[in-house]
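For reference, the structure is listed below as structure tokens.
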Amino acid sequence: MTIVDLSDISVEMFVTVMLFLLFIAPLVSLGILRLFQGKKKVGFSLLGGGVVVYLVFQLIMLLLN
């Protein structure tokens, strides 16, 4: 194993990644939970919301680089 150098990551990129992870992970996990509970409409809408937030995140990361 090697040590990863994080000095190249800007503060703005780090904060952006953290904020989006706070949105993406709960939306996907709650969507899966709702699907197991049999609430398909809510589950798919939460999963769709997670995908939309992920796409917005990719767009912002593309603009930051």
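The values are calculated or read from the model by the stated rules, or taken from the named source; none is laboratory data. Here the structure is a predicted model, which means the values were calculated and not measured. Cβ atoms come from the backbone with ideal geometry, glycine included; neighbour counts cover every protein chain shown. Keep in mind that these areas ignore ligands, DNA and RNA; they rest on the heavy atoms of the full protein, side chains included. Shrake-Rupley method; radii C 1.70, N 1.55, O 1.52, S 1.80 Å.
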Scanning the stretch 1-54 residue by residue, the ones that are farther than 21 Å from residue 65 by Cα and of a type in the set (D, E, K, R) total 4
Filter the stretch 8-64 for residues that are more than 15 Å from the chain's Cα centre (by Cα) and touching a residue at least 24 places away in the same chain (Cβ under 8 Å); the one that is most open to solvent (accessible area, probe 1.4 Å) is 12
Checked the stretch 6-32 for anything in a loop (DSSP other than H, G, I, E, B) and either under 16 Å from residue 57 (Cβ atoms) or modelled with pLDDT of 80 or more (or both); matches are 7, 8, 9, 10
